[in-house]
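Here is the structure we will look at, set down as structure tokens.
The values are calculated or read from the model by the stated rules, or taken from the named source; none is laboratory data. Owing to the predicted nature of the structure, the values given are computational and were not obtained by experimental measurement. Every residue, glycine as well, gets a Cβ built from its backbone with ideal geometry; the counts of neighbours run over all protein chains shown.
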Amino acid sequence: MSSIKQYLADFGWPRIIIFFFLLSLFVAAPFFGVRLDNSLADVLNRFGQNGIFVLAMVPMIQSGCGLNFGLSLGIIAGLIGALLSIQAGLVGALGFAGAIAMAAPFAVLFGWAYGRILNKVKGEEMTIAMYVGFASVMFMCIMWIILPFDSPTMIWGYGGKGLRTTISLESFYKRVLNDFLAIRMTPSAIIPTGELLFFSLCIYLMWSFLRTKTGTAMTAVGSNPDFARASGVSTDRMRTLSVIISTFLGAVGILVYQQSYGFLQLYTAPLQMPFAAVAAILIGGASVNKGSMLNVVVGTFLFQGLLTMTPSVINSALQTDMSEVIRLIVSNGIIIYALTRKLKVTK
Amino acid sequence: MSGKYTVKRFLSENAVIITFIVITVIAIPSSQLSANYIIQEMITRLGRNSFLVLALLLPIYAGMGLNFGMSLGAMAGQVGLILAVNWRISGIEGLLFAALVGTPIAVVVGWICGSILNRAKGREMVTSYMLAFFINGIYQFVVLYVMGMVIPIRSPAILLSRGYGIRNTLNLESVRQSLDTAWMLTIGPFSVPVVTFLVIASLCLFIVWFKRTKLGQDMRAVGYDMVVAEAAGIPVDRTRAISIVVSTVLACLGQIIFLQNMGNMATYNAHDQTSFFAVAAILVGGASVKKASLPNVFIGVVLLHLLFVISPRAGQNFFGSAMIGEYFRQFIGYGAIALSLVLYASKARREAVRVREVQYGHGGGKKAAGEAR
């Protein structure tokens, strides 16, 4: 009995409440004329679409850098990769792989610089990460206007300057992962197998990485910096490495997101993206300094489930669109909950 | 301590403000705006924004950093304004009414904010930022659903066509610039909103007076060292919460002053950038997370808004795109915040290493210092 209580306490009441809320949404859905198969397929699609952003939170949490509010840097690297891939005229799977390959050097470079900054400001990482992210997004807004891309699908048609706000991926690599081995459950509900497989692969790679010598050292730096230093691990190097990995995953994350969504969103679109990922991993049970693969999967599923189900069910039930308000309150409430919890390092 | 070292230190401590002056000096000629226009804009914007920026001072004194949660107060002020327009209370009375409604709400949300920040010591800034988002959700809920459904709204002009919820844009014609024009002094080509400046001046006097009271002294003690303050018998958590409450109430009044000057209000996102502009201004003015003064506020407002006024035009003339200027000014705002936070945090770290050096002897400290770099 006490062990169940302990488990519930560890899992955290907010998560349990959200879980039951989501469950009741699924139960209620058929009564309001919302098709369950479609909803489930939507949830799975968005699960794969957003999962890698959430996974990107893990390395920095492990190395003690806190929540990566500056994930937009990775997103920007991904966008640059995607644009270069389109400019080079790559299509299909090659286009997607090319985008990842071309995003990688930018992600490493941005991550390295960003990591250097965060090493100088230990203890204040999160606020600074947020503003470094914001400033970079705004800087890139200027760049999107003046960079010399000239593929006709990307630039404004009518003599305007710069890249379009949204670029269609229709003729490039739209749904290249989603359609790979896709299973048609019912006539209208398709399971995006490829996307889910790709997400699983990323999770597996991260899981195995955290079990290598470097991965263990990274966790040690996060949970006990003094001990790590005493055993000859360079704190700063580990932290920088974690930031680079996180930034790279952000780049891959946006590419997976785009191929599923079908559009490339530039300019101010990346501004708010990190917050959703932060909220998701916290809903999954991670804290500011401890995060696992299970947290990623549970969190992404619960958060995306909530985002998918509340508009459809609540709107049909109340005849009014309250989903945005619910999203704001739930996702930001959970972030505050996590920030106000006492740090528990030893576990 | 050679002369070179002092110059370097001066440059690093004032990097943000110096960068700003340099950019502005370069950009002014290319904007092709007349000096008269720029000066008039500065007078207007000082009146419009200073009060909001002053609201940031107290939490900085109390060691809680920049209160990004000030938009909580802004939302309270907006609720007051909505109700004032609803009951058709116009002019100065309308503003007073809005303040009367907004202040109690600001006290309550400020107290909630203060208590939550007390549970997140060392992470106040990021928590207050998220709190602003969270309360934004509740504000949207209240204004979009509760108003008109539960709170009766008399004026159909401000209601959405579906019968409840407030329209996206609220016309503040009835209270528009009533504080500014109460006594508009014309000096040469410039018009000065005297009453607004009197209100701002009295707030400055209040802050100067407040710093000398027992509570003000306690606040600085808490900001300097919480442990020592606790040992000295100062109720740390309560003092911190009060600083946030006062800041929230001031933000509420500041937002009312801001909006009466603007003349209309984007109901659902007028408060989004309140803290961004205020925080950017005070940091550009030379304040840091731990240290701020009245001059920082006014220098900051002038410098930041000078750049804001000229950058769209400079962008237009320089790159042939007004959007570049628009993005540039946002970049410069966020960048200024990031830069000054980084400079302050890295300085604080160097200090900590130095203290450790003194405490644990030179050898150990050397190693720690090497590690920190």
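Within the group A:339, A:294, which residue is in a helix (DSSP H, G or I), within 8 Å of chain B (Cβ to nearest Cβ) and either out of contact with any helix residue (DSSP H, G or I) (no Cβ under 7 Å at 6 or more places or on another chain) or crowded, with 20+ Cβ neighbours inside 10 Å (or both)? First the steps, then the outcome.
Working: A:294 fails: within 8 Å of chain B (Cβ to nearest Cβ).
Answer to the check: A:339.
The residues on offer are B:150, B:85, B:143, B:79, and the sole one that is farther than 29 Å from residue B:337 by Cβ, in contact with a helix residue (DSSP H, G or I) (Cβ under 8 Å, 6 or more places away or on another chain) and β-branched (Val, Ile, Thr) is B:85. Consider residue A:79 carefully, then state whether it is under 20 Å from the mean Cα position of the chain (by Cα) and more than 14 Å from chain B (Cβ to nearest Cβ). In short, yes. Taking strands (runs of 3 or more DSSP E) as the structural unit, no element lying wholly within region A:160-223 holds at least 3 residues that are surrounded by 14 or more Cβ atoms within 10 Å (Cβ to Cβ), free of Cβ contacts under 8 Å to residues at least 24 places away in the same chain and within 20 Å of the chain's Cα centre (by Cα).
Applying the selection to region B:313-343, what residues are more than 8 Å from chain A (Cβ to nearest Cβ) and farther than 21 Å from residue B:38 by Cβ? Hits for region B:313-343 are B:339, B:340, B:343.
When you go through (1) within 14 Å of another protein chain (Cβ to nearest Cβ); (2) touching a helix residue (DSSP H, G or I) at 6+ places or on another chain (Cβ under 8 Å) one by one for residue B:158, which number turns out not to apply? Unmet condition: (1). The condition (being touching a Pro at 6+ places or on another chain (Cβ under 7 Å) and not in a strand (DSSP E or B)) is satisfied by just one residue among A:281, A:326, A:314, A:334: A:334. Residues in region B:137-186 that are in contact (Cβ under 8 Å) with a residue 24 or more places away in the chain, of a type in the set (Gly, Ala, Ser) and outside any loop (DSSP other than H, G, I, E, B): B:182 alone.
I'd like to check something: does region B:5-13 contain any residue that is surrounded by 20 or more Cβ atoms within 10 Å (Cβ to Cβ) and either at pLDDT 85 or above or under 26 Å from residue B:348 (Cβ atoms) (or both)? Looking through region B:5-13, none of the residues is surrounded by 20 or more Cβ atoms within 10 Å (Cβ to Cβ) and either at pLDDT 85 or above or under 26 Å from residue B:348 (Cβ atoms) (or both). Just so you know, in region A:110-143 the residues that are surrounded by fewer than 20 Cβ atoms within 10 Å (Cβ to Cβ) and more than 9 Å from chain B (Cβ to nearest Cβ) include one that is farthest from residue B:66 (Cα to Cα), and it is A:143. If you go through region A:252-283 and pick out every residue that is closer than 21 Å to residue A:180 by Cα, buried (at least 21 other Cβ atoms within 10 Å of the Cβ) and either of a type in the set (A, V, I, L, M, F, W, C) or within 14 Å of another protein chain (Cβ to nearest Cβ) (or both), you end up with 5.
Can you give me the ranges of the helices (runs of 4 or more DSSP H) entirely in region B:49-121 with at least 1 residues that are in contact with a His (Cβ under 7 Å, 6 or more places away or on another chain)? Don't jump to the end; show me each part of the working.
Working: elements: B:57-61, B:70-86, B:91-118.
So the answer is B:70-86.
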